Amino acid sequence: MLSAVTRRPAAAPAPLTAVPVVTGLDRPLVMVPWPGRPDTFLVAEQAGLVRLIVDDRVRPEPFLDLRDQIAAGGERGLLGLATAPDFPSSGRFYVCSTNRSGDTVVARFRIASGEPLRAERPTVKVKPSICAITRPGAAAVSPGGRRRLC
């Protein structure tokens, strides 16, 4: 289940409440909006799937399936996801994951031509991270196009 945290409007501080958004996801770690589509989100599942949520429903087929390329569990797996600043025109996005050798890798993908709700295999693999103790938990792309790991 993926939940959003909301705050109830009140004069006095109110407790935060988790509100279910969708069900049917397996260990979702990152949810990012699809730029230009307010009803669409990309969700990274730790086991290696990137799923699409459209109109508050999880699409049954994966947007991207990396299960055969990554090691998942604990601090490993599909750990981060970010869209490029020019995503609406380029369709490029980045995924941070742990490969089968245990290295943290950032790979660039793009939307498959002719299939706007599917991704192609990586177009560029970025150098493995030198993180030895804790795996990065997020990928981000600055407005200048530089990839960042957090």
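The values are calculated or read from the model by the stated rules, or taken from the named source; none is laboratory data. Here the structure is a predicted model, which is why all the values come from computation and not from measurement. Using ideal geometry, Cβ is built from the backbone for each residue, glycine included, and neighbour counts are taken over all protein chains shown.
Here are some notes:
- Condition check for Thr23: hydroxyl-bearing (Ser, Thr, Tyr), free of Cβ contacts under 8 Å to residues at least 40 places away in the same chain and under 15 Å from Ile111 (Cβ atoms): no
- For Pro62, the conditions (1) touching a strand residue (DSSP E or B) at 6+ places or on another chain (Cβ under 8 Å); (2) modelled with pLDDT of 80 or more; (3) part of a strand (DSSP E or B) are fulfilled apart from (3).
- Leu79 fulfils the conditions (1) modelled with pLDDT under 90; (2) in a loop (DSSP other than H, G, I, E, B) except for a single criterion, (2).
- Checked against (1) at pLDDT 90 or above; (2) part of a loop (DSSP other than H, G, I, E, B), Val32 passes all but a single condition, namely (2).
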